[in-house]
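Notes for the one structure printed next.
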Amino acid sequence: MGSGGLEAVAPTYLALDYAYKLRKQVACSVYIFHGNLSLAADRLEELYQAGRSAGVEFYRYQEPLLIDDQGGHKRIVYRDPFLPKHFPPLDIKVDQVVIAEDFLPPLEIRQIAALTGLMVGSDGFLSLERLPGISGQTNRPGIYCVGMAHGPARILELWDEIEAVRMDLLVKDMSIKAARDSAKISLFTQKKATAGKAAGLVAQVDPSRCALCLTCLRLCPHRAIELNECPERIDRGQLYQQTAWIHPLACQGCGICFAECPAQAINLVDLSTQNANEDLILLLYENGQLYRQGKQNQDSIERGLKKPVFSLLSLACSQSGFLAASSLPLIKLADDASYSNQLLAEVRVQAVPCAGQIDELMVLQSLSAKVDAVLVWPCYPEACHHRYGNLRARHRLRLTERRLGEIGLSERIAVAPLSGLSQSQLLDSITKMIDRLKLSKPVVIKKT
Ligand code: SF4
Ligand code: SF4
């Protein structure tokens, strides 16, 4: 038998089945040599138990087996990986050796992968994302792969896979229709300086604004954007009759296209039913310490304490900075009646699905909304869940910082990459910003 895991499902099934039948029907010893015997598939464990009860013997090996033909008999020499290294190899004499069949991927797999952007594994078959509870999902959300395209599999499992994919598509389709029916308005249509929900966002193109520059097609890390014919343009007899189109199943709502579209033709539509408060955390800063406030206390500064000296806004990636802020200990300082000092700073931490969504307008609108400074907390460079959203954000915000510098406000923005466990770096980035603000002159940005 092969040494693989799931890719060895078909050989494993056949070996277990034939060994069991042979042992039951013929008076002979049956041995199965296996590498990493994986039984995580339908009915394999059952067959394995039946074989063991019938007397089939199982031997594990790591180093290659030596099969020695001794004229009429064969000798299998192997090392038992559970015995000490110095232990000599073991051998078993047998009359017949049956070797598992190997499955080779069809040549077309590489062509399909090149056309669709799907990933090919080291075995030459299409790769699947190993996501809990999701079957057949490839690296391109919205494109599924079942059966032999992702490796040897039995026909019975094919139907199970198809059914699982059908159910997944049904659920996604229902949630998209439900969201459309409830006609939720995009949080971002006017490019407000509010960040999106950590889940449930889908990008949509407004064809009347799309300039066909293809920026979004190039930048989407999930290859969710295509060019489609646009009926309105065709009706109007326009020269260019296509528009960018975003597949709602493939879009992961990272917002990179939204931030980069030069024509502001992309909106992020909220399909989730999540409570907006779950994307917002209030931190209070005093004496070099951070206090995370309960959600119900978000207005309590105004009610219980004087307005803090500095007010900061943090736009935090939901996969890193927001997680770090969420795991700070919860201390309801604003509820403490004995506490009457003026706080040094409050930090409103707003989750964004990906830092790649943060654009210059979002930062400028935050600064004009009585926020003294904006902190951006993306993931570390190699850790972005949307491949390079954090790098796009860094590049974009460097330009923003330069432009703010032209009006003497460059110290009002800082980018600090974090992980979900980086509470000390999070505190450090706030402390540094407050130190900068203490040295800076007050500047009032007037709305025009
Ligand atoms: S980036 Fe904007 S303008 Fe350019 S193709 Fe995409 S939607 Fe159209
Ligand atoms: S929001 Fe992200 S995943 Fe969706 S289309 Fe835009 S870039 Fe692609």
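Brief remarks on what is shown
- Scanning segment 218-236 for residues that are within 23 Å of Cys317 (Cα to Cα) and either among the hydrophobic types (A, V, I, L, M, F, W, C) or assigned to a loop (DSSP other than H, G, I, E, B) (or both) turns up Leu219, Cys220, Pro221, His222, Arg223, Ala224, Ile225.
- Filter pass, Pro207 being open to solvent by less than 60 Å² (accessible area, probe 1.4 Å), part of a loop (DSSP other than H, G, I, E, B), at negative phi and more than 14 Å from ligand 1 (Cβ to nearest atom): no
Here's the yes/no breakdown for (1) farther than 21 Å from Gln264 by Cα; (2) among the small types (Gly, Ala, Ser):
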{"position": "Pro378", "(1), (2)": "yes, no"}
{"position": "Arg387", "(1), (2)": "yes, no"}
{"position": "Ala393", "(1), (2)": "no, yes"}
{"position": "Ser419", "(1), (2)": "yes, yes"}
{"position": "Ser424", "(1), (2)": "yes, yes"}
{"position": "Thr431", "(1), (2)": "yes, no"}
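- Looking only at residues in segment 222-236 that are closer than 19 Å to Val269 by Cβ and open to solvent by less than 60 Å² (accessible area, probe 1.4 Å), the one that is farthest from ligand 1 (Cβ to nearest atom) is His222.
- Some residue of segment 115-132 being out of contact with any helix residue (DSSP H, G or I) (no Cβ under 8 Å at 6 or more places or on another chain) and farther than 30 Å from Leu217 by Cβ: yes
- Of all residue pairs spaced 6 or more apart or on separate chains, those with beta-carbon atoms under 6 Å, a first member in segment 246-266 that is over 14 Å from Leu201 (Cβ atoms) and a second member that is more than 7 Å from ligand 2 (Cβ to nearest atom) and of a type in the set (A, V, I, L, M) are Ala263/Ala211; Ala265/Val205.
- Taking the criterion of being open to solvent by 70 Å² or more (accessible area, probe 1.4 Å) and away from ligand 2 (no atom under 16 Å from the Cβ), the residues of segment 237-247 that qualify are Leu239, Tyr240, Gln241, Gln242.
- Scanning segment 100-131 for residues that are loosely packed, with under 12 Cβ neighbours inside 10 Å, free of Cβ contacts under 8 Å to residues at least 24 places away in the same chain and in a loop (DSSP other than H, G, I, E, B) yields a count of 5.
- Among the residues listed as Leu399, Leu409, the single one being among the aliphatic types (A, V, I, L, M), farther than 15 Å from Ser314 by Cα and open to solvent by 40 Å² or more (accessible area, probe 1.4 Å): Leu399
- Scanning segment 132-150 for residues that are surrounded by 13 or more Cβ atoms within 10 Å (Cβ to Cβ), out of contact with any strand residue (DSSP E or B) (no Cβ under 7 Å at 6 or more places or on another chain) and closer than 20 Å to Cys251 by Cα yields Ile134, Ser135, Asn139, Arg140, Pro141, Gly142, Ile143.
- Within segment 213-235, the only residue that satisfies the criterion of being of a type in the set (D, E, K, R), within 18 Å of Gly253 (Cβ to Cβ) and without any contact (Cβ under 8 Å) to a residue 40 or more places away in the chain is Glu226.
The values are calculated or read from the model by the stated rules, or taken from the named source; none is laboratory data. Small disclaimer: the values here were computed from a predicted structure and weren't measured. FYI the Cβ positions are ideal-geometry reconstructions off the backbone, even for glycines, and counts take in every protein chain you see. These area figures cover heavy atoms from the full protein model, side chains too; ligands, DNA and RNA do not enter into them. Shrake-Rupley method; radii C 1.70, N 1.55, O 1.52, S 1.80 Å.
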